[in-house]
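One structure is given here, and the rest of the page talks about it.
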There are 2 protein chains.
Amino acid sequence: MNETVIACCQLAPRFGEPVANRAGARRAIIDARARGADLVVLPELAVSGYAFAGPQEAWSLAEALDGPTVSGWAELAHELGIVIVGGICELDAARGVLCNTAVLVDRTGLRAAYRKVHLWDREPEVFTAGSQPPPVLETEHGRIGLMVCYDVEFPEWVRLAALSGVELLCVPVNWPRSPHPESERPGEVVRVQAAASTNRIFIAVCDRAGRERGVDWIGGSVVVDPGGFPLAGPAERDAPITLIARCRVADAADKRTGERNDVLADRRPELYGV
Amino acid sequence: MNETVIACCQLAPRFGEPVANRAGARRAIIDARARGADLVVLPELAVSGYAFAGPQEAWSLAEALDGPTVSGWAELAHELGIVIVGGICELDAARGVLCNTAVLVDRTGLRAAYRKVHLWDREPEVFTAGSQPPPVLETEHGRIGLMVCYDVEFPEWVRLAALSGVELLCVPVNWPRSPHPESERPGEVVRVQAAASTNRIFIAVCDRAGRERGVDWIGGSVVVDPGGFPLAGPAERDAPITLIARCRVADAADKRTGERNDVLADRRPELYGV
């Protein structure tokens, strides 16, 4: 398998300006492609913004999976021959609920929609939590899995993805900034590094930037390898930036950490029940 | 609850010299106590050394739980009024097997022996893997749990300890050095940081030093807080050193990460089955 060029486009969407945000995402995707990207990852809720005042505002900014955002990304993926992963405020009209959803589109169209399972802070006031495991998508760039933000901080969830065959986990996030020792990386980044290395997978996290209703962001976009070491980033700045990383995704099929050890085979699941 | 002073005595035992190594550990414990330590953590296999040529050599260096090493530590714990955690090459005569074991002694004597469950590299040629969960010990310094080295790299195992009430996990290790990017912390340290923060517990890791039969060590002793940030270390040098950290262990009973979030309560275990 050839090298895959991964781009994380850390955008700075403006709250409640979907038309402008869609245009901004489009420009970033086209720029990333010009820099060689095969796969573009965008932030969580990349078009709506994050800091909803309540359900009503979220409903007014929600879109179905065949709405303008996903359709636009699918067209772009087809036109440019790339894979795009990004987060939307999804209106699931059939169930009459909103979900915090990551989609993956490729040249064939929408491949998967994953609904965030672990909701953060006030999100339950707006979103219905998903109850499906992270999808595993066979693509020309290897087996890709999807999660959204807080999901990736649950080792059980990342393990499930790895055991299901995910080689590259793409994670749109909106990481609110909180205090941490100045000489240390944000805990969110550390947990992503560990999640990658305990499962020997690649993880591409795309965070956002741009103060929104008093919330600042880590701007911690990062791509880590199966050893847990950054291939690009962490950006660690609250500003738009595109990270570019190159890797051979299929390398993540090898779970060995030595002649006699394997991070998945060495588990003792018969002992893990509580 | 008062502050607890934790000391990790990163020793440099010499292979196959148990008498000298016992004396060295004793000196380090007394020195740590003089620096205020309430709890002393020693490395894995602190007295025998690690790099056994094979089972015969391991048997010749093994000791029962009432052997000179554990008895000596128990006497010292009684005399100094402290808690000591350390690793031994345990002869389990009843079963006729060797185990890679961590013990905890306090002023009352031997409180627990935990047998390493996840064996590394050639260890299965020498040791029988444990099959019991990490113990949870009520002590005057909070609820202490034990693991040995590779165990702590399995998120399932640390989660189990946290769900069982462990507030401070003490982990004797022998971390062989392997290449990693120079600007990065060793992956072992990163995984410990993440294990602490995903469970909001303290973790005290005591590594070793001193080249042994061609094996070098990370010398990565570290004490991390429930945010995953180092309170002391990582030492990151292949030399003897004692790290001192102060903390209120009971703080780890609080699993909240915000007004509405809790790292254990936010789990969705009904979805985690494979």
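Throughout, read-outs are computed from the coordinates displayed, never taken from laboratory work. Computed from a predicted structure; not experimentally measured. Glycine also receives a Cβ, built like all others from the backbone with ideal geometry; neighbour counts cover every protein chain displayed.
Out of the DSSP beta bridges found with both residues in segment A:145-258, what percent are antiparallel (nearest 5)?
Bridges in segment A:145-258 that DSSP calls antiparallel: roughly 50 percent.
The mean sequence distance of close C-alpha pairs (under 8 Å, at least 6 residues apart), as a share of the length of chain B, puts its relative contact order at 20 percent. Given the -39500 (n - 2.57) contribution per DSSP H run of 4+ residues, what per-residue ellipticity at 222 nm results for chain A, rounded to the nearest 500 deg cm²/dmol? Mean residue ellipticity, 222 nm, calculated: -6500 deg cm²/dmol.
Position A:Ala93: other-copy label points at 7.8 nm, ordered by increasing distance, label point 7 Å along Cα→C-beta. Label-to-label distances for A:Gly81 across copies, nearest first, come out at 7.6 nm, using points 7 Å from Cα in the beta-carbon direction. Peptide B:191-200 has a mean of 5 when you count, residue by residue, the C-beta atoms of other protein chains within 10 Å of its C-beta. Between A:Ala23 and A:Ser131, the FRET efficiency estimated from the beta carbon spacing at R0 = 41 angstrom works out to 0.75.
Across the copies of the chain, A:Glu3 has label points (7 Å from Cα along Cα→Cβ) spaced 5.1 nm apart, shortest distance listed first. DSSP bridge analysis restricted to chain B gives an antiparallel fraction near 70%, rounded to the nearest 5. Rounded to whole numbers, the Karplus 3J(HN,Hα) couplings from phi for segment A:84-99 are 10, 10, x, x, 10, 8, 8, 8, 9, 5, 4, 9, x, 9, 9, 10 Hz, using 6.51 cos²θ - 1.76 cosθ + 1.60 with θ = phi - 60°, and x at Gly and Pro.
Scan segment B:94-194 for GluC sites (Glu not before Pro) in coil per DSSP, keeping those whose Cβ has at most 16 other Cβ atoms within 10 Å, and list them by number.
When the GluC sites (Glu not before Pro) of segment B:94-194 are filtered for loop state and at most 16 Cβ neighbours within 10 Å, B:Glu140, B:Glu182, B:Glu184 remain.
Taking a ≥ b ≥ c as the square roots of the Cα gyration tensor eigenvalues, segment A:4-271 comes out rounded, since a/c falls below 1.5. Compute the Cα gyration tensor for the protein assembly as shown, then decide on rounded, prolate or oblate, letting a ≥ b ≥ c be the square roots of its eigenvalues: rounded whenever a/c is under 1.5, prolate when a/b is larger than b/c in the other cases, and oblate in all that remain. Prolate.
Share of antiparallel DSSP beta bridges in the protein assembly as shown, in percent to the nearest 5?
On the way: 68 of 98 bridges.
DSSP beta bridges in the protein assembly as shown are roughly 70 percent antiparallel.
Derived scalar couplings between HN and Hα for segment A:214-230 equal x, 9, 9, 10, 5, x, x, 3, 7, 10, 10, 9, x, x, x, 9, x Hz in order, rounded to whole Hz, by the Karplus curve 6.51 cos²θ - 1.76 cosθ + 1.60 (θ = phi - 60°), x for Gly and Pro.
Taking chain B, the Cys residues with no second Cys beta-carbon under 4.7 angstrom are B:Cys9, B:Cys89, B:Cys99, B:Cys149, B:Cys170, B:Cys247. If R0 equals 41 Å, the separation of the Cβ atoms of A:Ala51 and A:Ile244 corresponds to a calculated FRET efficiency of about 0.90. Take chain B, connect every pair of alpha-carbon atoms lying under 10 Å apart with a spring to form a Gaussian network, then pick out the residue of B:Gly210, B:Gly96, B:Gly36 with the largest mean-square fluctuation. Result: B:Gly96 has the largest fluctuation of those listed.
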